[in-house]
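Below is one structure, written out as structure tokens, with a few remarks after it.
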Amino acid sequence: MAVFMSNLNNHIKLRAHHLLCLQGYQGYGYDEDFKRNLEKLLTHLKTNPTITVIKTADVLCSHCPNLKDEKCCLNLEKYDEYSTKEEIDNSNEEIAKMDSNVIKETGIIENKTYKIDNLYKIVNNSIKNVDDLKDICDNCKWTDVCMWYQSKL
Ligand code: SF4
């Protein structure tokens, strides 16, 4: 686990597609540690709203069981000792593409620092309905329970 990212006292970096996930969260997650960390982050952002937008593993990924060696293995059928570097890189790139597409769709600037409420405003003004979410949420398994996604239907 990347300790430097798990400390909420550090400046918070968020990957772009998590701006959608945070708005849609209603108690579902990959495991208890992931959910606890996400809820801690939501509380933290109320009094520390400044974050930097990135396209790589972030403060949420640091407590996610899908993160292996800083790469997101979510899209692997199964992660084990037989998983190849190519399979892991492909999975990681597919997830990073979600971040790139959020950035493209919204005009948010990578590595720039914003207030979280401003980012939510930009995202919500740019993405009005599910048609705008093609290439972002198409392969997400949480859409049925994501309040934000459901609000765009
Ligand atoms: S699934 Fe991937 S992108 Fe999502 S929190 Fe886990 S490691 Fe990060």
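The values are calculated or read from the model by the stated rules, or taken from the named source; none is laboratory data. Note that the structure is predicted; figures quoted are calculated from it, not measured. As a convention, Cβ positions derive from the backbone with ideal geometry for all residues, glycine included, and neighbour counts pool all protein chains shown. Each accessible area value is taken on the protein alone, full model and side chains, heavy atoms only, with ligands, DNA and RNA left out. Shrake-Rupley method; radii C 1.70, N 1.55, O 1.52, S 1.80 Å.
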ask   = To the nearest µm²/s, what D does Stokes-Einstein give for the chain at 25 °C and 0.890 mPa s, using the Kirkwood radius over alpha carbon pairs as Rh?
value = 155
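Return the loop-located GluC sites (Glu not before Pro) in the range 57-109 (DSSP other than H, G, I, E, B) with at most 13 other Cβ atoms within 10 Å of their own Cβ; answer none if there are none. Can you show the working numbers first?
Numbers: sites: 70, 77, 81, 86, 87, 93, 94, 105; in loops: 70, 77, 81.
Those satisfying the criteria are 70, 77, 81.
Roughly speaking, to the nearest percent, how much of the chain's 1.4 Å accessible area is carbon and sulfur?
Reported share for carbon and sulfur atoms: 48 percent.
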Loop trypsin sites (Lys or Arg not before Pro), the range 25-97, which have at most 10 other Cβ atoms in a 10 Å radius of their Cβ (DSSP) = 78
ask   = What lysines sit close enough to residue 112 to cross-link, taking a C-alpha to C-alpha distance under 24 Å and skipping anything fewer than 8 places away on the same chain?
value = 13, 40, 46, 55, 71, 97, 104, 121, 128
task = Go through 75, 142, 116 and say which Cα lies farthest out towards the positive end of the charge dipole of the range 3-150; charges sit on Cβ, +1 for Lys and Arg, -1 for Asp and Glu.
result = 116
ask   = For the chain, what is the charge dipole size about the Cα centre, in debye to the nearest 20, if Lys and Arg each add +1 at the Cβ and Asp and Glu each add -1 at the Cβ?
value = 800
query = For the chain, what is the accessible area per residue in Å² when the probe is 1.4 Å?
reply = 58
